[in-house]
1. Name the single residue that is nearest to A23 (Cα to Cα) among those in the range 72-91 being open to solvent by 40 Å² or more (accessible area, probe 1.4 Å) and either touching a Cys at 6+ places or on another chain (Cβ under 9 Å) or modelled with pLDDT of 95 or more (or both).
2. Condition check: assigned to a strand (DSSP E or B), in contact with an Asp or Glu (Cβ under 9 Å, 6 or more places away or on another chain) and of a type in the set (A, V, I, L, M). Does V78 satisfy that?
3. Counting only residues that are surrounded by fewer than 17 Cβ atoms within 10 Å (Cβ to Cβ) and within 10 Å of the chain's Cα centre (by Cα), how many does the range 31-64 have?
4. Of all residues in the range 99-113, which are assigned to a loop (DSSP other than H, G, I, E, B) and surrounded by 15 or more Cβ atoms within 10 Å (Cβ to Cβ)?
Amino acid sequence: QVQLVESGGGLVQPGGSLSLSCAASGNSFRALTMGWYRQAPGRQRESVATITRGGVTNYADSVKGRFTISRDNTKNTVYLQMNSLKPEDTAVYYCRELGNDYWGQGTQVTVSS
C-alpha cells in the first residue's frame, strides 16, 4: 500500500506561483504513474496533470503552459509547480497514484486578491 502526503498549498494573489509536493511511502514509487487532481466547491474532481514512471507528462488544457508536473524518484516525491495562477485555479489539490487508485488527503490552494 502507498500513502501519499501533500504539502505546499496556501493563499496566493492572481498571477502568483505555488509549488505543491506529494511524498509517497513505499519502495515502488519509481514504477508508479502519479497525478495531481483538483476539486473546486460545487464541481467534480478533475485531472490537472499526470506523469508516468518514464517521465511522460500530460496536462489539462486549462493549465497547459502554466503548471509543470515533475518527480524525483530518489525522494519518492512528485511536484506540481503552478505559475500565473488564476482565481479559477482555487481548489483542493489531491495527489493520486493511478495504478492502485491511492489518494492523498488534499491541500487547499486559494487564488485571491
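The values are calculated or read from the model by the stated rules, or taken from the named source; none is laboratory data. On a predicted model such as this, the values are computed, not experimentally measured, just so you know. Glycine also receives a Cβ, built like all others from the backbone with ideal geometry; neighbour counts cover every protein chain displayed. Each accessible area value is taken on the protein alone, full model and side chains, heavy atoms only, with ligands, DNA and RNA left out. Shrake-Rupley method; radii C 1.70, N 1.55, O 1.52, S 1.80 Å.
1. The selected residue is Y79.
2. Taking the combined requirement at face value, the residue satisfies it.
3. Residues meeting the conditions: 1.
4. Step one: list which residues in the range 99-113 are assigned to a loop (DSSP other than H, G, I, E, B), which gives 99-101, 104-106, 112-113.
Hits for the range 99-113 are G104, G106.
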